[in-house]
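Have a look at the structure below before the remarks.
None of the figures in this text is laboratory data; all of them are computed from the coordinates on show. Values in this document were obtained by computation on a predicted structure and should not be read as measured data. Counting neighbours? That spans all protein chains shown, and the Cβs are built from the backbone with ideal geometry, glycine included.
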Amino acid sequence: MRPTKPNLTHNGHADDTEAAFYDALQLGDIDKLMACWADEEDIVCVPPGGSRQVGVQAIRSAFAALFAHGTVRAHIEHVRRVETLGTSVHSVLERIEVMTADGPAHASVIATNVYLKTPQGWRLVAHHASPGTLQEQVASDIPSLLH
């Protein structure tokens with residue numbers, strides 16, 4: 001039996017689901033993380049440098065294996081959104097910190113998150129992440145100025 005999914009609509013926006021997804025990564029909470037995903041068998045997740053995972057069970061297994069090595073300290077920056085009434089596509093820069101034998105290591109990851117508005121609230125249907133470049137890492141360290 002699957003755990004009951006909370007209604008993640010809070011303010012009626014995909015941002016709430018996105019915040020819950022990244023919070024679950026940092027907590028290493030597989031149930032909270034999977035509550036962000038739609039129940040459809042065609043959902044897809046492509047981790048940086050990894051293979052495409054399709055379906056609820058494949059995605060759950062991949063994240064469970066990841067959490068077996070610890071949590072993922074990921075913070076998003078520079079969110080760009082394309083929204084319609086029932087779809088929200090977010091392009092984000094993820095700042096990742098992972099623990100290694102030599103201490104913490106940092107990386108930048110470029111990710112696209114696709115959310116659909118369902119009767120249960122906004123749900124993640126696709127997460128595609130690629131390793132970022134040094135250029136993105138440096139650019140995110142430069143403060144933006146508004147004129």
Checklist entry - Working from the pairwise distances between different alpha carbons, so that the mean of 1/r is found and then inverted, what is segment 14-140's Kirkwood radius in Å? => result 14.9
Checklist entry - Where does the charge balance sit around residue 90 when Lys and Arg score +1, Asp and Glu -1, over other residues with C-beta under 13 Å from its C-beta? => result -4
Checklist outcome for this item: residue 118 and residue 71 label points (each 7 Å along its Cα→Cβ direction) are spaced in nm at 2.5
Item to check | Additional length obtainable on full extension of the chain from residue 105 to residue 15, 0.36 nm per residue less Cα span | outcome: 29.7 nm
